[in-house]
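Enquirer: This is the structure I have questions about; it appears just below.
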Amino acid sequence: MRLGLVGLPQVGKRTLFTLLTGQSPGPERGAEAVPGLAEMRDDRFDNLVEMYNPKKRTPAQIEFSLLPDLDTDAERNRTFFKLLERVDVICYVARAFEDDTVFHSSGHVDATRDIANFAEELELMDLLFIEKRLERIEEVSGRKTDPLVAAKERAALERMQNHLEEGKTLFSFEVTEEDHSIVGSYPFLTDKPVVVVLNVADEDADALPDGLVETFAPRGFELIPVSAKVEQEISELDTEERKTFLTDLGIEAPAIDRLTRICYEALGLISFFTVGEDEVRAWTIRRGASAPQAGRAIHKDIERGFIRTEVINYEDLVVLGSEKNVKENGRLMQKGRDHVVEDGEIHHFLFKV
Ligand code: GDP
């Protein structure tokens, strides 16, 4: 599971990447993606660490890669879009901060224009792909391919084409199981979730420009304002200073923490916890996973030899203060293999192989 940070030059991608992953690639990073791991910021995890004071703490991580700069010229971006095919969620960074000392590749700041251009380029790439594929089906029809399969593929592609031409993205396209078996492996771009990070000037870190959400929500874009500059300042503070600073700004948590959460959700992921004196750990699983499937994240033997799992709700543990109190209040739950794991549950698996 990978997120790709993309955007025009000088919009704050590298600054965000460094804040997220702790890595600082040079400004000259060439045409390859730079991989990095970001810690999931999660208050619940921090509270559990405080409660158990374990020898080891292992938060959840997500993989971010920093992609090369986009070009203002769509034609020259074609090779760039190849890199996007390998990304599960596109994290598009748009510049909304004004700063005369920072060069802007399109002359002046206009985030709505930049996001719209990017969206159009994604749509165009998918349309081009579909066109080429339709031509190809035409060329080979009557030869090796089964005409029935070819007809089905053509029908699916044409429906996708219409959908795109209506100004919609494949993210909102209903893929039937049959479609999926035919076109599921094609490198479409607009079916990927897009998180737009709006790099705002420090003074209006809470505000999104008017109409932005309404314009891009139908495409499945999720928007979050972040001020890379303010976030950088926050990251340089110690814990106490940080609290005061955040209170002064009137915000609960740094925007970058929310960003990791939004990305995690866009990937369809949740976490559950295991706790103890040795280790407090967050485990990443797909939303909807059953208890044995979740156990596999820890070890495949847990899935294989699954007996049951003892579950504590995070809120119960916080309210009641300790595992002992949770048990005494009858809030420790025994769950079987049909249990669908919810985000934030604390699990203790029982298994036998
Ligand atoms: P990239 O080219 O998209 O990777 O952008 P960088 O992260 O390298 O940032 C480009 C320049 O913009 C650097 O000089 C940053 O210090 C500056 N910059 C990034 N974010 C902000 C911001 O939120 N406010 C201001 N004023 N400058 C920023």
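Enquirer: Report yes if some residue within region 27-42 is under 29 Å from Phe129 (Cβ atoms), surrounded by fewer than 16 Cβ atoms within 10 Å (Cβ to Cβ) and of a type in the set (Asp, Glu); otherwise report no.
Expert: yes
Enquirer: If the Cβ limit is 8 Å and pairs must be 6+ apart or interchain, which residue in region 219-234 that is touching a residue at least 60 places away in the same chain (Cβ under 8 Å) and part of a strand (DSSP E or B) pairs with which residue that is of a type outside the set (D, E, K, R) and within 8 Å of the ligand (Cβ to nearest atom)?
Expert: Correct list of pairs: Pro225/Val200; Val226/Leu16; Val226/Asn199; Val226/Val200.
Enquirer: Tell me which helices (runs of 4 or more DSSP H) are completely within region 253-353 and hold 2 or more residues being in contact (Cβ under 8 Å) with a residue 40 or more places away in the chain, or say none if there are none.
Expert: Filter on region 253-353 gives 255-266, 291-298, 300-304, 314-320.
Enquirer: Moving on to the next point. Could you give me the residue pairs with C-beta distances under 8 Å whose first residue belongs to region 133-160 and is assigned by TED's automatic domain parsing to the domain that holds Ser172, whose second residue is modelled with pLDDT of 90 or more and surrounded by fewer than 13 Cβ atoms within 10 Å (Cβ to Cβ) wherever it lies, and which are 6+ apart or on separate chains?
Expert: Pairs that qualify, where the first residue is assigned by TED's automatic domain parsing to the domain that holds Ser172 and the partner is modelled with pLDDT of 90 or more and surrounded by fewer than 13 Cβ atoms within 10 Å (Cβ to Cβ), are Leu134/Glu158.
Enquirer: If you take the residues of region 74-98 that are assigned to a strand (DSSP E or B) and out of contact with any helix residue (DSSP H, G or I) (no Cβ under 6 Å at 6 or more places or on another chain), which of them is surrounded by the fewest Cβ atoms within 10 Å (Cβ to Cβ)? So that I can check it myself, show each step before the final result.
Expert: Of all residues in region 74-98, those assigned to a strand (DSSP E or B) come to 89-95.
Add one more test, that the residue is out of contact with any helix residue (DSSP H, G or I) (no Cβ under 6 Å at 6 or more places or on another chain), and what stays is 90-91, 95.
Working: Ile90: 22, Cys91: 29, Arg95: 26.
Step by step, filter region 74-98, then rank; the result is Ile90.
Enquirer: A further question follows. Output the residues belonging to region 118-172 that are at pLDDT below 90 and in a loop (DSSP other than H, G, I, E, B).
Expert: Those that are at pLDDT below 90 and in a loop (DSSP other than H, G, I, E, B): Ser141, Gly142, Arg143, Lys144, Thr145, Asp146, Gly167, Lys168.
Enquirer: When the residues of region 1-27 are filtered to those that are hydroxyl-bearing (Ser, Thr, Tyr) and assigned to a helix (DSSP H, G or I), which remaining residue is farthest from the ligand (Cβ to nearest atom)?
Expert: Applying the filter and picking the extreme gives Thr21.
The values are calculated or read from the model by the stated rules, or taken from the named source; none is laboratory data. Just so you know, these numbers come straight off a predicted model, no measurement behind them. Using ideal geometry, Cβ is built from the backbone for each residue, glycine included, and neighbour counts are taken over all protein chains shown.
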